[in-house]
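Remarks on the structure that follows.
The values are calculated or read from the model by the stated rules, or taken from the named source; none is laboratory data. Keep in mind the model is a prediction, meaning the values are calculated, not measured. Glycine gets a Cβ as well: all are built from the backbone with ideal geometry, and neighbour counts include every protein chain shown. Ligands, DNA and RNA are stripped out before the accessible areas are found, and what is left, the full protein with its side chains, is counted by its heavy atoms. Shrake-Rupley method; radii C 1.70, N 1.55, O 1.52, S 1.80 Å.
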Amino acid sequence: MRKSYFLLLLLSAVFSACNFKRQEADIVLYNATVYTIDDQESVEQAIAIKDGKIVAVGKDRDILNNFRYSESIDCKKQFIYPGFIDAHCHFQGYAQMLDQVDLVGCKSYDELVSRVVEFAKQHPNKKVIQGRGWDHTDWPGKEWPNKSKLDELLPDVAVVLFRIDGHSLLVNQKAFDLAGVTPSTRIEGGIIEVKDGALTGVVKENANDVFTALAPAYSYPEELALYKKAEKNLIEMGLTALVDAGLSLKSITRLDSIYREADLQIFLNAMASDLPENFSYFAANKAINQDRFAVHGFKFYLDGSLGSRSACLKKDYHDNPGNKGVLTLTVSDFEEKLKRVKAMGFQAHTHAIGDSANRVALQSYAAALGGVNDLRWRIEHAQVVDSTDFMWFKNYSIIPSVQPTHATSDSKWAEDRLGQPRIRYAYAYKYLVEQLGIIALGTDFPVESPDPLATFVASVARKNMQLLPEGGFYPEQGLDRMQTLKGMTIWAALSVKWEDKLGSIEKGKYANLVVLDKDILKASEADLVKTKVAQTWVAGRLVYKR
């Protein structure tokens, strides 16, 4: 086989010597299986790249013979896909988490406290310690934590610790004191837990903001360093583009500057958080549309999460009678903001977990959109949808944006929360994709791992990377492999109006590519979880090689 490629290269040299007029390219990748994800789902062998963009895709002989190039790379029969896109994540949150105490995987409250105390010893100058990743459903007894041990061991340092889903906090008394929060404090759309007249340390939803505001802001160099570290990690996983689900104006303007200075490579499409200053700014200024950084959408939160039992349900939680969760925006306020978003020409992205929140989001969208359209408004998560509400997605061109690893992570308790028959319409990706023929896939990292291969496995097998649970979590709601790949590439790009530049391997698009050592469209489940990223390309540059 290698002799045949040598002959192809020799023929190329002969054509050149005979003054055969060939097109120009910087790099040619050949001897690969190239899944283009174009409209015909074509499978090719070689790619020609010039000035960061794809100039041709085709058979080895055609590309090698028809182009003059500076460099050629033998891909040795590996598999090339469009660079993976995470359609819903928190890039800033992930970057900042690299400077916080990592609580993912804590198996008990005592382990949580131990990690926080050790972090405090290693960072003696921090007056506010932040962390993320605890999950009380993994602890013996599954009880919510209490701040007492943190008060005892860290009385002079504010401690602010996000649950894995980002919707609940555990904070100590010092944080309550600095925030001016007492047992009698009330925050609309928020929950401050009080037991026997005393603060427990657990707060949820809109109440979180007063505590996250306690930490000092990062300087420009500090934040850039964290972004670069985060970018490196993500590129090594095959991610080439991200959709950040909600940023402040300060964060948006800082990232705008960072990208104008070309200090980050990964493509980033960010949503503006539902904040007055964001509305004021974008009402007076156009959307941001740099090549690699864009902001042309607003992010709204309608409810909480199932893990925190704050997702808004139509009927009580199966395992918590009397509790239906919480709606974090009034319907009238939400509808008024949607009118403003539409008038500005921006996309709307709405976090909706519970079936009640999804009903509100879908009906409010329908009222604003009026019918079939191409505005690309999205429902983020669409986690529990009433069986009668799926048709809203089709009738009003609403794109579902979901995170397959949520289904596998939540599988150990989701049915307890919802009971039958509601669980049948939760994490229902097959029902969702059947409506509009499109579904955007992400991870919500750092809530979940950023690993796009974990997304692929969870989507097609409804299992985690340890291939659990046995048989998969309601496997009938899984997507097929091509749907999953499209959800991580072209459909993700389309969901944020980037399909003209990203999402498939076609002439004129940026050469964002991921090279894998296995064929994920054909590999067994056992091989899928062993798949490795061999190379990642961003805009025609090899930015990672294993």
message: Just to confirm the filter: which chymotrypsin sites (Phe, Trp or Tyr not before Pro) across segment 264-332 are DSSP coil and have at most 12 other Cβ within 10 angstrom of their Cβ?
response: none
query: Peptides 475-484, 364-373, 127-136: what's the order by average Cβ count within 10 Å, highest mean first?
result: 127-136, 475-484, 364-373
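Order 226-235, 448-457 from most to least packed using the mean count of other Cβ atoms within 10 Å. Can you show the working numbers first?
Values: 226-235: 19.0, 448-457: 23.3.
Order by mean packing, descending: 448-457, 226-235.
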message: Students often check this: by mean Cβ neighbours within 10 Å, which of 107-116, 73-82 ranks highest, and how do the rest follow?
response: 73-82, 107-116
- line: In terms of the alpha carbon gyration tensor, root eigenvalues a ≥ b ≥ c, rounded if a/c is under 1.5 and otherwise prolate when a/b exceeds b/c or oblate, the chain is prolate
message: If you take every residue apart from Asp389 with its C-beta less than 13 Å away from the C-beta of Asp389, what net charge results, scoring Lys and Arg +1 and Asp and Glu -1?
response: +2
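Between rounded, prolate and oblate, where does segment 381-474 land on the alpha carbon gyration tensor, with a ≥ b ≥ c its root eigenvalues, rounded for a/c under 1.5, else prolate if a/b exceeds b/c? Working shown, then result.
On the way: a/c = 2.00, a/b = 1.30, b/c = 1.54.
Here segment 381-474 falls in the oblate category.
Could you check how much of the accessible area of segment 172-282 is carbon and sulfur, as a whole percent, using a 1.4 Å probe?
Values: 2410 of 4680 Å².
The value for segment 172-282 is 52 percent carbon and sulfur by accessible area.
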- line: In the chain the DSSP beta bridges are antiparallel at a rate, in percent to nearest 5, of 45 percent
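Calculate for the chain the 222 nm mean residue ellipticity that helices alone would give, adding -39,500 (n - 2.57) per DSSP H run of length 4 or more and normalising by residue count, nearest 500 deg cm²/dmol.
Working: 20 runs with 179 residues, N = 546.
Mean residue ellipticity, 222 nm, calculated: -9000 deg cm²/dmol.
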message: Accessible area per residue for the chain in Å², computed with a 1.4 Å probe and the full protein assembly in place, what is it?
response: 40 Å²
- prompt: Which entries in Lys394/Lys522; Lys21/Lys50; Lys463/Lys522; Lys250/Lys299; Lys126/Lys174; Lys53/Lys507 show an alpha-carbon gap greater than 19 Å?
  reply: Lys394/Lys522
query: Do you know the relative contact order of the chain, to the nearest whole percent, from alpha carbon pairs under 8 angstrom that are 6+ apart?
result: 16 percent
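Which entries in the list Lys286/Lys342; Lys228/Lys532; Lys107/Lys147; Lys76/Lys545 go over 19 Å, if you measure between the two C-alpha atoms of each? Mind dumping the intermediate values first?
Working: Lys286/Lys342 14 Å; Lys228/Lys532 22 Å; Lys107/Lys147 17 Å; Lys76/Lys545 14 Å.
The answer is Lys228/Lys532.
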message: Could you work out what % of the accessible surface of segment 308-427 is carbon and sulfur, using a 1.4 angstrom probe and leaving DNA, RNA and ligands out of the count?
response: 49 percent
message: For His88, what residues show an amide H to amide H distance below 5 Å, using hydrogens built from the backbone and excluding near sequence neighbours?
response: Val243, Gly442, Thr443, Asp444
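What shape does segment 104-202 take by its C-alpha gyration tensor, where a ≥ b ≥ c are the square roots of the eigenvalues and a/c under 1.5 counts as rounded, a/b above b/c as prolate, and the rest as oblate?
Details: a/c = 1.67, a/b = 1.14, b/c = 1.47.
Oblate, because a/c is 1.5 or more while a/b does not exceed b/c.
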task: Give the span of segment 231-277's Cα atoms along each principal axis, as three whole-Å numbers ordered largest to smallest.
output: 37, 22, 13
